[in-house]
1. Give me the residue from region 10-40 that is of a type in the set (Lys, Arg) and either more than 18 Å from Ala114 (Cβ to Cβ) or open to solvent by less than 90 Å² (accessible area, probe 1.4 Å) (or both) and, out of that set, modelled with the lowest pLDDT.
2. Scan region 36-63 and report the pairs whose first residue is free of Cβ contacts under 8 Å to residues at least 24 places away in the same chain and whose second residue is open to solvent by 80 Å² or more (accessible area, probe 1.4 Å) and assigned to a loop (DSSP other than H, G, I, E, B), with Cβ atoms within less than 6 Å and a gap of 6+ or a chain change.
3. Going residue by residue through region 66-73, is there one that turns out to be modelled with pLDDT under 95, not charged (D, E, K, R) and not in a helix (DSSP H, G or I)?
4. If I go through region 108-145 residue by residue, how many of them are open to solvent by 70 Å² or more (accessible area, probe 1.4 Å) and under 28 Å from Glu45 (Cβ atoms)?
5. Against the conditions (1) surrounded by 16 or more Cβ atoms within 10 Å (Cβ to Cβ); (2) more than 30 Å from Ala17 (Cα to Cα); (3) without any contact (Cβ under 8 Å) to a residue 60 or more places away in the chain, where does Leu71 fall short? Just the number, please.
6. Pick from region 86-95 the residues that are open to solvent by less than 70 Å² (accessible area, probe 1.4 Å) and assigned to a loop (DSSP other than H, G, I, E, B): which of them is farthest from Pro66 (Cα to Cα)?
Amino acid sequence: TEINDSRAELTQRLEGAKKRACEARQDKLNDLMSKMDTRRESVFERITKVSDAVQQFVADKELSVPEYERLIANVNAAKVLAEATATEQKAVPDLDCSGEQPRADVDDFKQKRADSIDAMKAYRDAVKALAKAVRSVVVTEENAA
């Protein structure tokens with residue numbers, strides 16, 4: 001029983017040390033998580049502005065872009081996914097060291113962040129493909145003129 005008491009005491013001390021270490025980093029991690037959320041919103045807004053500008057350009061110039069509807073559908077699908085993953089990332093609660101499993105909260109945030117990054121890349125790539133198609137039409141028309 002003396003060995004069991006020693007193990008219990010050691011476990012308790014280790015848990016206390018982990019909690020103190022967690023609490024020392026809690027505010028910094030929460031601030032970092034908030035900044036990542038803000039950055040993701042900013043990236044989303046920039047990509048959306050480019051997408052809107054390209055679509056407005058096509059409408060203003062009355063361009064006929066091959067597979068335009070498919071490209072727009074890809075952009076819209078990627079936008080919905082990017083917006084959803086960014087919302088999921090923001091929905092992760094702040095780190096709370098007094099909670100059941102703070103490490104699981106951090107891991108959950110990391111996974112949601114990775115998903116959001118992948119979705120933003122897909123959205124950006126869909127907008128790039130749209131812009132590239134529009135640009136090729138404009139260059140072709142300029143060369144024909």
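The values are calculated or read from the model by the stated rules, or taken from the named source; none is laboratory data. Quantities reported herein were computed from a predicted structural model and do not represent experimental measurements. Quick reminder, even Gly has a Cβ in these numbers, built from the backbone with ideal geometry, and neighbours come from all protein chains shown. For accessibility, only protein heavy atoms count, side chains too; no ligands or nucleic acids. Shrake-Rupley method; radii C 1.70, N 1.55, O 1.52, S 1.80 Å.
1. So the residue we want is Arg13.
2. none
3. Checking region 66-73: at least one residue is modelled with pLDDT under 95, not charged (D, E, K, R) and not in a helix (DSSP H, G or I).
4. Taking region 108-145 and keeping what is open to solvent by 70 Å² or more (accessible area, probe 1.4 Å), we get 110-111, 113, 118, 121, 124-125, 128, 132, 135, 140-145.
Applying the additional criterion that residues be under 28 Å from Glu45 (Cβ atoms) yields 110-111, 113, 118, 121, 124-125, 128, 132, 135.
Residues in region 108-145 being open to solvent by 70 Å² or more (accessible area, probe 1.4 Å) and under 28 Å from Glu45 (Cβ atoms): 10 in total.
5. Every condition holds for Leu71 apart from (3).
6. It comes out as Leu95.
Condition check ((1) without any contact (Cβ under 8 Å) to a residue 40 or more places away in the chain; (2) not in a helix (DSSP H, G or I)) across all residues:
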site	(1), (2)
Glu100	yes, yes
Ala104	yes, no
Asp108	yes, no
Gln111	yes, no
Asp115	yes, no
Ala126	no, no
Ala129	no, no
Ala133	no, no
Val137	no, no
